[in-house]
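Student: Okay, handing you the structure first.
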Amino acid sequence: MKKIKLVLVLAACLFGLTACSEAKVVDEQTAAYLGQMSVQVIQNAYATVDSNTAAELTAEGPEYLEYVFQNAFQMPVDGNGMISAFDSWARATDEIGSLVSVDDYSAEFDTSGDSIIVNVGCTFEKKTADVQFIYKTDLYNTLKSSATNIDYTFGEKMAKAGLNTLMGMGTVFAVLILIYGLISLFNFIPKIEAALSKKNEAEKPSPVDNAIAQIAEKEELTDDLELVAVITAAIAASEGSTSTDGYVVRSIRRVSGSKWQKA
């Protein structure tokens, strides 16, 4: 007996869960009203506006669009949502041409049950498309947003997906190649620094050259011993020695036309 009760309780729970998960259905009156309003927006607002006019309307700002729809259609709308709606319509019609006819519509609640989605099927010059309208379930059924979705074939969808994938991968590889090129340039920096340092060292005169140049600038020396001492000190400095011991100057001879006299 207890087992039978448990089975009945489980069945009741499952039935309750099924009833709770069942989607709400839009009543016929609301569906007809929102469907007609959506068709009216397509025929009297979207279809009569080209890309330039749509850009001018959206440039006026969301408050202006709310004012226009309230006065023209007695319909409350979300201005920011309608800016996106006009942009979506303009991009779609640029691809599939002008509107030919409005075919049918359907209305249903979204998964949360807080909004009603109206899909209006339309035929254009090149393709068909669904114009989707999303209404709030408030007292005035405020139009939140709208989008024009082109009916692509399976092959077209796969082609677009492949193209998007190639573009994404191409962009990634291009950035990686650029980064690799920049990093490879870092190998030349030490070589450039070494070349510049060698050039600076070559241009820098040695201590012996400085000493001899100072001697060459003098018009005359009063004593050969002073000249000997200066040359000995210069040679010791060039050899890195702090003492002049071990250096002997045997003779001093002036060379005419040397580069030190011309310096």
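The values are calculated or read from the model by the stated rules, or taken from the named source; none is laboratory data. Please read all numbers here as calculations on a predicted model, not as lab measurements. Positions of Cβ are generated from backbone atoms using ideal geometry, with glycine treated the same way; all protein chains shown enter the neighbour counts. Protein only, heavy atoms only, side chains kept; ligands, DNA and RNA dropped before computing areas. Shrake-Rupley method; radii C 1.70, N 1.55, O 1.52, S 1.80 Å.
Student: In whole percent, and with a 1.4 Å probe on the protein chains, what portion of the accessible area of the range 85-191 is carbon and sulfur?
Tutor: Carbon plus sulfur share of accessible area: 63 percent.
Student: Which sequence of Val230, Val120 reflects their accessible areas, 1.4 Å probe, from the largest down?
Tutor: Largest accessible area first, the residues go Val230, Val120.
Student: Expressed as a rounded percentage, what relative contact order does the range 25-95 have, with Cα pairs under 8 Å and six or more residues apart?
Tutor: 27 percent
Student: Which sequence of Met37, Met158, Met82 reflects their accessible areas, 1.4 Å probe, from the largest down?
Tutor: Order by accessible area, largest first: Met158, Met37, Met82.
Student: If I histogram all Cα-Cα distances within the range 62-121 using bins 5 Å wide from 0, what percent of pairs lands in each bin?
Tutor: With a bin width of 5 Å, the distribution comes to 4, 14, 15, 22, 26, 16, 3.
Student: Enumerate the calculated ³J(HN,Hα) couplings along the range 42-47 in order (Karplus 6.51 cos²θ - 1.76 cosθ + 1.60, θ = phi - 60°), each rounded to whole Hz, writing x wherever the residue is Gly or Pro.
Tutor: Values per residue, Gly and Pro as x: 5, 6, 9, 10, 5, 5 Hz.
Student: Now, a different point. Listed highest first by mean packing, meaning other Cβ atoms within 10 Å per residue, what order do 61-73, 183-195 come in?
Tutor: Ranked by mean Cβ neighbours within 10 Å, highest first: 61-73, 183-195.
Student: Could you work out how far the C-alpha centroid of the range 27-53 sits from that of the range 175-199, in angstrom?
Tutor: Centre-to-centre distance over Cα atoms comes out at 63 Å.
Student: Now for a separate question. Accessible area per residue for the range 136-197 in Å², computed with a 1.4 Å probe and the full protein assembly in place, what is it?
Tutor: Accessible area per residue, the range 136-197: 79 Å².
Student: Another question, if that's okay. Kindly identify the range 63-173 as rounded, prolate or oblate by the Cα gyration tensor criterion: order the square roots of the eigenvalues as a ≥ b ≥ c, call it rounded if a/c is under 1.5, otherwise compare a/b with b/c, prolate if a/b is larger, else oblate.
Tutor: Note, shape of the range 63-173 comes out prolate.
Student: I would also like to ask the following. Please give the solvent-accessible surface of Asp138 in Å², to the nearest 10, using a probe radius of 1.4 Å with every protein chain present.
Tutor: 60 Å²
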